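The values are calculated or read from the model by the stated rules, or taken from the named source; none is laboratory data. What you see is a predicted model; the values in this text were computed from it and never measured. Glycine also receives a Cβ, built like all others from the backbone with ideal geometry; neighbour counts cover every protein chain displayed. Calculation scope for accessible area: heavy atoms of the full protein, side chains included, ligands and nucleic acids excluded. Shrake-Rupley method; radii C 1.70, N 1.55, O 1.52, S 1.80 Å.
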Amino acid sequence: MTPRGPGAGGPREDGTSAWHRRRWATGGAALVLGLSAVLAGCSGDDTPADTVSRAESAVGSIASGASEAAEAVESATAEAQRRLDDIQDGIDVKGDVKTGAPVTGSDGRVRTEVTARNTDDATRSFAVQVDFRDGAGQLVDTVIVTVDHVQAGHSATATARSTHDLSGEVRTEVARAVRY
């Protein structure tokens, strides 16, 4: 196949070629279809833990297959937020959760410690959406991590790990946190 038109197949100003753009578009479509299929099986009988577990699995496995597609990551983010909305009796507690300094492992994956403080008077669990952003502030990955069974008045930690290799400066932030 011979590219036609000015710049067809060649790099754009952002450095992407036609092949990369097609790959991103294909990955984005696969992400949306795959995430929909994985989450379609969720029923109204799910417990909050079931919902969180399905969201963690779906976001992690599907986003990793389309790691370079900004649209795919944004779609995964939207789906993660929707799934967090589905947690019954969940309370938004973003202010009670923080991330530590991101650390890149020898495998290229970025990890950050997530600390959840339980201000309730009963033991609770937390579902936390952690966003990974590059030095320019662009969203490059998102994951959901759970911090289970945090005793009343105490804090507990979990580790959020990027779904794929990230290079350069990476910042982490709590996009959303739900206590249930």
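Take the residues in region 81-98 that are in contact with a strand residue (DSSP E or B) (Cβ under 9 Å, 6 or more places away or on another chain) and open to solvent by 50 Å² or more (accessible area, probe 1.4 Å); name whichever of them is nearest to Leu166 (Cα to Cα). Lay out the reasoning, then the answer.
Going through region 81-98, the residues in contact with a strand residue (DSSP E or B) (Cβ under 9 Å, 6 or more places away or on another chain) turn out to be 81, 83-85, 87, 90-98.
From what is left, the residues that are open to solvent by 50 Å² or more (accessible area, probe 1.4 Å) are 81, 85, 91-92, 94-95, 98.
On the way: Gln81: 22, Asp85: 28, Ile91: 31, Asp92: 28, Lys94: 25, Gly95: 26, Lys98: 21 Å.
So the residue we want is Lys98.
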Matching residues in region 165-180 (surrounded by fewer than 20 Cβ atoms within 10 Å (Cβ to Cβ) and either of a type in the set (D, E, K, R) or assigned to a loop (DSSP other than H, G, I, E, B) (or both)) number 8
Residue in region 120-139 that is at pLDDT 90 or above, in a strand (DSSP E or B), closer than 12 Å to His164 by Cβ and of a type in the set (A, V, I, L, M) present
no
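Filter region 140-164 for residues that are of a type outside the set (A, V, I, L, M) and not in a strand (DSSP E or B) and give the result. If you could, list the steps in order and put the result at the bottom.
At the first step, the residues of region 140-164 found to be of a type outside the set (A, V, I, L, M) are 141-142, 146, 148-149, 151, 153-155, 157, 159, 161-164.
Selection gives Gln151, Gly153, His154, Ser162, Thr163, His164.
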Checked Ala101, Ala78, Ala122 against criteria (open to solvent by 30 Å² or more (accessible area, probe 1.4 Å) and within 14 Å of Glu173 (Cβ to Cβ)); the one match is Ala101
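When you go through Arg124, Arg176 one by one, which is the residue that is closer than 12 Å to Lys98 by Cα and among the charged types (D, E, K, R)?
Details: Arg124 fails: closer than 12 Å to Lys98 by Cα.
Answer to the selection: Arg176.
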Flagged in region 107-119 as assigned to a strand (DSSP E or B), open to solvent by 20 Å² or more (accessible area, probe 1.4 Å) and of a type in the set (S, T, N, Q), in numbering order, are Thr115
Selection status of Val128, under 28 Å from Ala72 (Cβ atoms) and hydrophobic (A, V, I, L, M, F, W, C)
yes
Result of the Cβ filter at 6 Å on region 150-168, keeping first residues that are farther than 23 Å from Gly108 by Cβ and partners that are part of a strand (DSSP E or B) and open to solvent by 60 Å² or more (accessible area, probe 1.4 Å), at least 6 apart or interchain, is Val150/Arg124; Ser155/Arg117
